[in-house]
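The values are calculated or read from the model by the stated rules, or taken from the named source; none is laboratory data. Values in this document were obtained by computation on a predicted structure and should not be read as measured data. With ideal geometry, Cβ positions are generated from the backbone for all residues, glycine too; neighbour counts draw on all protein chains shown. Ligands, DNA and RNA are excluded from the accessible area calculation, which covers all protein heavy atoms including side chains. Shrake-Rupley method; radii C 1.70, N 1.55, O 1.52, S 1.80 Å.
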Amino acid sequence: MDLKLFGAVFVTLLVIVDPPGMLPIFLALTGPLPARDRNRAAWQAVALALGVIVVFAVAGRTLLAYLHVSLPALQAAGGLLLVLVALELLTGKADEPSQQNTSNIALVPLGTPLLAGPGAIVATMLFVQQAAVFTDYLAIALAIVAVMAAVWLALRFSGGIVKILRPGGIEVLTRIAGLLLAAIAVQLIADAVAAFVTQYLTTH
């Protein structure tokens with residue numbers, strides 16, 4: 001197995017997914033939930049992210065071409081999804097436990113587009129495109145699994161932070177996470193618009 005390729009994929013995806021940066025958003029979304037539901041949300045989010053990345057790694061270009069969807073369009077869609085979640089966090093609509101649905105939180109926005117976002121998808125597709133032999137594909141697959149395992153560990157043991165912050169701290173963290181999420185969303189949309197403009201200029 002190509003350890004250099006494994007290291008490149010692992011580091012690239014780990015930086016893109018950014019487990020420490022995910023913690024505030026994860027805690028803001030799941031803080032009011034019981035520990036059991038929080039752990040289940042972490043597992044479901046990581047499982048979905050792994051599934052989405054694997055699907056795009058195997059058939060990403062074919063799928064996007066069939067649907068006539070460009071990568072910038074996918075990126076802009078992810079940004080719009082994050083804007084909606086950020087607005088909920090900033091306005092306090094996501095604070096009530098009764099309004100929280102563990103599966104929904106795990107799927108959107110945690111699983112996608114936060115964990116399996118445009119950055120992780122595009123990076124994985126590029127690595128797969130450059131792979132030449134079976135051992136290259138094996139190195140990429142193991143690196144993806146290792147990154148998802150690291151993310152799961154970070155989310156799984158975030159309960160200790162919830163105990164330290166208590167409800168008041170979680171509320172403050174929710175507002176901060178909403179602001180960070182809004183910034184991430186705006187950046188995704190801005191990058192997508194820039195990519196659209198570049199494509200237009202190069203074709204005209």
Task: V69 vs. criteria under 26 Å from A190 (Cα atoms), open to solvent by 50 Å² or more (accessible area, probe 1.4 Å) and touching a Leu at 6+ places or on another chain (Cβ under 9 Å) - done: yes
Open item on the list: Can you pull out every residue in segment 5-18 that is under 14 Å from the mean Cα position of the chain (by Cα) and of a type in the set (V, I, T)?
Closed with: T12, V15, I16, V17
- [ ] Could you please find all residues in segment 19-50 being surrounded by fewer than 16 Cβ atoms within 10 Å (Cβ to Cβ) and within 10 Å of the chain's Cα centre (by Cα)?
- [x] none
TODO: Could you tell me whether segment 109-116 includes any residue that is polar (S, T, N, Q), out of contact with any Leu (no Cβ under 8 Å at 6 or more places or on another chain) and either within 24 Å of A195 (Cβ to Cβ) or modelled with pLDDT of 85 or more (or both)?
DONE: no
TODO: Note down all Cβ pairs under 9 Å where the first residue falls in segment 163-184 and is touching a residue at least 40 places away in the same chain (Cβ under 8 Å) and basic (K, R), the second is buried (at least 20 other Cβ atoms within 10 Å of the Cβ) and assigned to a helix (DSSP H, G or I), and they're at least six residues apart or on different chains.
DONE: R175/A28; R175/L89
TODO: Would you mention how many residues in segment 148-204 are surrounded by 14 or more Cβ atoms within 10 Å (Cβ to Cβ), polar (S, T, N, Q) and either out of contact with any helix residue (DSSP H, G or I) (no Cβ under 9 Å at 6 or more places or on another chain) or over 20 Å from I16 (Cβ atoms) (or both)?
DONE: 1
Open item on the list: Condition first: more than 22 Å from the chain's Cα centre (by Cα) and either of a type in the set (F, W, Y) or closer than 30 Å to S70 by Cα (or both). Now tell me which residues in segment 158-199 satisfy that.
Closed with: F196, V197, T198, Q199
